[in-house]
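Sharing a structure with you now.
The values are calculated or read from the model by the stated rules, or taken from the named source; none is laboratory data. Note that this is a predicted model, so its numbers are computed, not measured. Protein only, heavy atoms only, side chains kept; ligands, DNA and RNA dropped before computing areas. Shrake-Rupley method; radii C 1.70, N 1.55, O 1.52, S 1.80 Å.
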Amino acid sequence: MASQSPDPGADTTAMLAAVGIQVTPEGKARARQRLREARERWTPELDAALRKQLGLPDRHAA
């Protein structure tokens, strides 16, 4: 059976198309907006809490 994996060097739209997901300009705009909103909500406190939950070292630890 042939691999269905997209080319890792391909752009995102091509990678999604390779697995049957069509992307519209409107969908891209919505995704960009959601990413902007998520970045605006992210705080150093959230980062520290997530790193602790995942068992990762503190970013500011020397």
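Identify all residues within segment 13-26 that are of a type outside the set (Ser, Thr, Tyr) and over 15 Å from the mean Cα position of the chain (by Cα); write none if there are none.
Keep residues of segment 13-26 that are of a type outside the set (Ser, Thr, Tyr), which gives 14-23, 25-26.
Residues satisfying the conditions are 14, 17, 18, 19, 20, 21, 22, 23, 25, 26.
Is one or more of the residues making up segment 44-55 assigned to a loop (DSSP other than H, G, I, E, B), at pLDDT 95 or above and open to solvent by less than 100 Å² (accessible area, probe 1.4 Å)? I'd like the intermediate steps shown before the answer.
At the first step, the residues of segment 44-55 found to be assigned to a loop (DSSP other than H, G, I, E, B) are 55.
Next cut, at pLDDT 95 or above only: 55.
If we keep only those that are open to solvent by less than 100 Å² (accessible area, probe 1.4 Å) as well, we get 55.
So far as segment 44-55 goes, yes, one or more of its residues are assigned to a loop (DSSP other than H, G, I, E, B), at pLDDT 95 or above and open to solvent by less than 100 Å² (accessible area, probe 1.4 Å).
For the list (1) part of a helix (DSSP H, G or I); (2) at pLDDT 90 or above, I need the number of the one condition that residue 15 fails.
(2)
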